[in-house]
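The values are calculated or read from the model by the stated rules, or taken from the named source; none is laboratory data. Source: prediction; values computed, not measured. So basically every Cβ, Gly included, is an ideal-geometry build from the backbone, and we count neighbours across all protein chains shown. For accessibility, only protein heavy atoms count, side chains too; no ligands or nucleic acids. Shrake-Rupley method; radii C 1.70, N 1.55, O 1.52, S 1.80 Å.
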Amino acid sequence: MTLTEPPESGLPRLKSGRTRSGDTSSVRTLERGLTVLSALAELREGTLTQIAKKAGLSASTAYRLLETLRQQGYVEWEERSGLFSVGLRAYQVGAAFSGRNSLLSAAQGEMQALVQDLNETANLAVRRGSEAVYVYQVEARQMMRMFTQIGAVAPLHCSGVGKVMLAWLPADEVRQLIGEGPYPAYTPASLTGLMALSRELQTVRDQGYALDNEERELGVRCLATPVRDSSGGVVASLSISAPTSRFPRKNIPETLARVRLASDQISARLGWRP
């Protein structure tokens, strides 16, 4: 496939004509390579067998792709343990995205200060379709701390960040996104019906924050606040999560004040003015 001079839009113009079989093969290899890299990112580290299974590929195919990625610096391999992990080049790609993404740029410093003050893990999530996706995290220094992998997803109906991103949507859009129910119950505290969830979302709007009271995982409490852009729309959610033993209900007002300050500062950096 031959590229000509890029048009004014900045996108390359592809020369018309049939796609050669070699081009198709190269694209397929690239797709598989990205699948392997994504699988490794989710695992954080893993054996060849684990990565191949996660990617849905044969071990031989996964090995060839991993070796190519290793040679390019996107994957590292520890000979003694036999474990693969994400390499420096992949981190550099992610850092480049982080540097140009206004939301992450606005949030990083505020989240680091938030964790410094509360010593609990802070998460930033956005909505992708019918799921919440964690796009940034600052971990606490606690021996026992909450950890959510970047890129991991959470259900909208029973996570603090998810309820925040649903609360300011029109009721019809909420119903279209998550359906009428019943929704999966992760714990006995999970909300599984549309009517109960609608009441909860009204509470979130009224109080300006959401709580995950052991709805996703027993023994874990999460407090989430909205992050808004210049139009006032909720574009993300900032949350603090901790074991219920360290985050009892009596600590909610104090924690809320600090998390709300951080989310308001992030929103202000995005151009929001209350």
- Item | Cβ pairs under 7 Å, 6+ apart, first in the stretch 151-175 and closer than 27 Å to Ser38 by Cβ, second open to solvent by 10 Å² or more (accessible area, probe 1.4 Å) and among the basic types (Lys, Arg) | Ala154/Arg216; Cys158/Arg216; Ser159/Arg216; Met165/Arg127
- Complete set of residues in the stretch 183-216 that are open to solvent by less than 60 Å² (accessible area, probe 1.4 Å), under 28 Å from Ser245 (Cβ atoms) and either assigned to a loop (DSSP other than H, G, I, E, B) or charged (D, E, K, R) (or both): Tyr183, Thr187, Ala189, Ser190, Leu191, Thr192, Glu200, Gly208, Tyr209, Asp212, Glu214, Glu215
- Hits in the stretch 27-65 - residues which are out of contact with any Gly (no Cβ under 9 Å at 6 or more places or on another chain), surrounded by 14 or more Cβ atoms within 10 Å (Cβ to Cβ), under 19 Å from Leu88 (Cα atoms) and touching a residue at least 24 places away in the same chain (Cβ under 8 Å): Gly33, Val36, Leu37, Glu45, Gly46, Ile51
- Of the residues that make up the stretch 61-72, is at least one among the small types (Gly, Ala, Ser) and at pLDDT 90 or above? yes
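Yes/no per residue for (1) touching an Asp or Glu at 6+ places or on another chain (Cβ under 9 Å); (2) within 15 Å of Ser241 (Cβ to Cβ); (3) at pLDDT below 90; (4) not aromatic (Phe, Trp, Tyr):
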| position | (1), (2), (3), (4) |
| --- | --- |
| Gln116 | no, no, no, yes |
| Gly129 | no, no, yes, yes |
| Tyr136 | no, yes, no, no |
| Met146 | yes, yes, yes, yes |
| Ser159 | yes, yes, no, yes |
- Task: Determine, yes or no, whether Ala140 is in a loop (DSSP other than H, G, I, E, B), touching a strand residue (DSSP E or B) at 6+ places or on another chain (Cβ under 7 Å) and surrounded by fewer than 20 Cβ atoms within 10 Å (Cβ to Cβ).
- Result: no
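Taking only the stretch 217-233 into account, find how many residues are open to solvent by 40 Å² or more (accessible area, probe 1.4 Å) and either within 19 Å of Val115 (Cβ to Cβ) or assigned to a strand (DSSP E or B) (or both).
1
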- Task: Determine which member of the set Glu131, Glu173, Glu180 is within 23 Å of Ser105 (Cα to Cα) and open to solvent by 50 Å² or more (accessible area, probe 1.4 Å).
- Result: Glu131
- (1) modelled with pLDDT of 90 or more; (2) on the phi > 0 side of the Ramachandran plot: which one isn't true of Glu217, the others all being true? (2)
- Note on the structure: Output for Cβ contacts, cut-off 6 Å, separation at least six or different chains, first residue more than 13 Å from Gln149 (Cβ to Cβ) and among the acidic types (Asp, Glu) in the stretch 114-134, second open to solvent by 30 Å² or more (accessible area, probe 1.4 Å) and in a strand (DSSP E or B), reads Glu131/Val153
- Query: If you scan the stretch 66-92, which residues turn out to be surrounded by 16 or more Cβ atoms within 10 Å (Cβ to Cβ) and assigned to a helix (DSSP H, G or I)?
  - Reply: Leu66, Leu69, Ala90
